[in-house]
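Undergrad: My questions will all concern the structure given below.
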Amino acid sequence: MLAVAGLLPAFMLTTVLVRSHKAYRARLATTWIGRGEEALKRRDTAGAIADFQAALQLRPDVTSYRLRLAGILANTGSTASAERELLAAREDHPADGRVNLALARLTATRGETAAAIAYCQAAVGGNWPADVDQRQAAESELALLRVGRRPATHP
């Protein structure tokens, strides 16, 4: 019993250290995101892509970082890389409306109507953060796709 009681402080210290490390990684990722946004303002897309990738190395669980990177990649013509980022986000969060809408838009630009419709339907029925509900946009784009027209938006 004494041996187990002696381990308790070590476990508590480990918990504190892990939480501290996670907080440090989150702050560092936020710094990289800020650098990426500044690079975009300077029209340095290569620098922005590198900065967003660095942030994702630290916080691969932050969907908004991955969505932002995918948008930058798509806008620079790197649609395959953008799709990889979006599919990685969808693997972690299959019901995320933002991810599915971005995939719908990307596949629509390539003329993949059936895939775009499927992703759009998932976006309409998906989960949205309270401050970013674009469900109506997804519904409008779905209606356009169903009548054979491509929406004029990018991922």
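Undergrad: Sequence-distant or interchain residues sharing an amide H contact under 5 Å with Asn127, placed H: which?
TA: Residues meeting the criterion, in which the H sits 1.01 Å from N, are Asp96, Gly97.
Undergrad: Next question. Go through region 80-97 residue by residue and turn each phi into a ³J(HN,Hα) via Karplus (6.51, -1.76, 1.60, θ = phi - 60°); whole Hz please, and just put x for glycine and proline.
TA: Values, residue by residue: 5, 5, 4, 5, 4, 5, 5, 5, 5, 5, 5, 4, 7, 9, x, 9, 6, x Hz.
Values quoted throughout were computed directly from the atomic coordinates according to the rules given, and no laboratory measurement underlies them. Predicted, not measured: the structure shown is a model, and the values here were computed from it.
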